[in-house]
Amino acid sequence: MPELLKSYIAGQWITPDPAGGVHLAINPATEDVCAHVALCTPAEANAAIAAARAAFDGWAATPLEQRLALTEKLIAVFEARYDEMVVAISTEMGAPYDLSHDAQAESGPGHIRATVRAAREMAWDYDVGEDGIVTHEPIGVCVLITPWNWPINQIACKVGPALVAGCTMVLKPSEIAPLSAQLFAEMVDEAGFPDGVFNMIHGTGAAIGETLTGHPQVDMISFTGSTRAGIQIAKSAADTVKRVAQELGGKSANIVFADAGLEAAVTRGVQQCFGNTGQSCNAPTRMLIEQSVYDEAVAIAARVAQETKLGDPEARGNHLGPVISKAHFDKIQRLIQAGIDEGAQVIAGGTGRADGFDVGYYVKPTVFAGVHNKMTIAQEEVFGPVLVLIPFADEAEAIAIANDSPYGLYAYVQTGDLDRARRVSRLMRAGGVSINGTSQDYMAPFGGYKQSGNGREYGKFGLHDFLEIKSISGFRTP
């Protein structure tokens, strides 16, 4: 039987009150239990916040170089246990080995290194006016709530800057994918941070979410997840006027112009949409294609989707794994059926379990043609390997369709005309834009417009989320 996963509070591993119950985490490829997770009650949530509060003054007063030295030790511990993290992520959420090794696990040390670099390049104090200064100070006790789809990516890009900024924290990872968070907490413990600086508790949003987000001793919440949950967290935090930084849903548009080099642009767009089995908030799930090449693009997209392979997460290779859970599989099926019912044309995939997979939550890689932007599948975040193809007449219509969404996390432009790419990028209402397949650097800001959230993560931008700004006049006066 898998080991019971405990929580980490004030430097100790604790077993919560049995009243919290035990969650059975499921390996989505095998449908077997991969972890028994002891769930916390509000009592443990309160204890974790109290531990973080007690540790705050000492950690905030610790010189920056000492905080950075411990953070660099955490990177070293992570790298020594890197292969364990790869296996944990593949097991808990079905990421194929190569994806888990090269991207999912790598994002841990990648983000933390970028945070250390940003901290060393940043001006923590600077002069203003004749005799004043502006200084940056840690905001306080932070609650960090992270999702299952890129588990270590989201943990590292919150915990790293919080540690470096001088904050103390309570991490609540997704109980659906708990193995990577458990291993990360072991790494923090091994690195030797002072007790109470980092606390990690397993639990459900229903049981302890309100305790964490509404607690008067919490100064800041950083949340990644659904827009629906983000709205509730913001409401809970409002009574105590906490800072809330959120990275929420997305329905990213990928504008493909006729001069883009169609074979490469469409192939890349399909593969990016299907990456991580479509379970990425910034996935380019709406491909907008210039009308003159629409039919050709439809044929390319259908072929690429049909050639997409699914397989065992433990196997090496360029294939897709399952989606995270039976509940999520069922949600994706409902949305594919909604597309069919609304008149969209299935040119690859469709409803039902993927062929050849009697076990595991394997979704057929699906592409819809004949879609208009008011359809459910063009507006709702499917969070699976489902792509919609929408034609446009000209640049103005492409931008209008791209921006006609409640979300604004990310966007993509494919064109051989760099001036047009730059022009269109500036007009798309999204927090980030990729031109012709370029990828984002760890130092670049990540976050969204509209219902995709607020605040920015990564590099110096992530640090700023965890810092207060103080001005002191007369500081330079003799």
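Values in this text are rule-based calculations from the coordinates and carry no lab data. Small disclaimer: the values here were computed from a predicted structure and weren't measured. In this analysis, Cβ positions are derived from the backbone assuming ideal geometry, glycine residues included, and neighbour counts consider all displayed protein chains.
Quick notes
- Seen through its C-alpha gyration tensor, with square-root eigenvalues sorted a ≥ b ≥ c, segment 1-106 comes out oblate because a/c lies at 1.5 or above while a/b is not bigger than b/c.
- Alpha carbon centroid spacing (whole Å) that separates segment 365-404 from segment 32-65: 42
- Total formal charge among the other residues, if their Cβ is under 12 angstrom from that of Met169, Lys/Arg +1 and Asp/Glu -1: +2
- Among beta bridges that DSSP assigns inside the chain, antiparallel share in %, nearest 5: 40
- Potential lengthening between Gln217 and Met122 on full extension [0.36 nm per residue; Cα-Cα distance subtracted]: 31.4 nm
- Each peptide in 224-234, 150-160 receives the mean, over its residues, of other Cβ atoms within 10 Å, and ordering these scores from highest gives 150-160, 224-234.
- Packing, taken as the mean count of other beta carbons within 10 Å per residue, orders the peptides 464-474, 178-188 from highest to lowest as 178-188, 464-474.
- Multiplying the residue separation of Val33 and Asp417 by 0.36 nm and subtracting their alpha-carbon distance yields 133.1 nm.
- A cut-off of 5 Å between modelled amide H atoms, ignoring neighbours fewer than 5 places along the same chain, links Gly21 with Leu39.
- Ordering of 47-53, 118-124, 369-375, 99-105 by burial proxy (mean other Cβ atoms within 10 Å per residue, highest first): 47-53, 99-105, 369-375, 118-124
- Out-of-range pairs (alpha-carbon distance over 28 Å; input Lys251/Lys309; Lys235/Lys364; Lys242/Lys326; Lys158/Lys450): Lys235/Lys364; Lys242/Lys326
- Efficiency of FRET from Cβ geometry, Thr240 and Asp341, R₀ 41 Å, rounded to 0.05: 0.40
- Each part gets one Cα centre, and for segment 288-326 versus segment 406-478 those centres are 28 Å apart.
- For the chain: rounded, prolate or oblate by the Cα gyration tensor [a/c cutoff 1.5]: oblate
- Mean residue ellipticity (222 nm) of the chain, computed from DSSP H runs ≥ 4 via -39,500 (n - 2.57), nearest 500: -12000 deg cm²/dmol
- Relative contact order for segment 253-441, counting Cα pairs under 8 Å that sit 6 or more residues apart, in percent: 27
- Between segment 74-126 and segment 232-258, the alpha-carbon center distance in angstrom: 23
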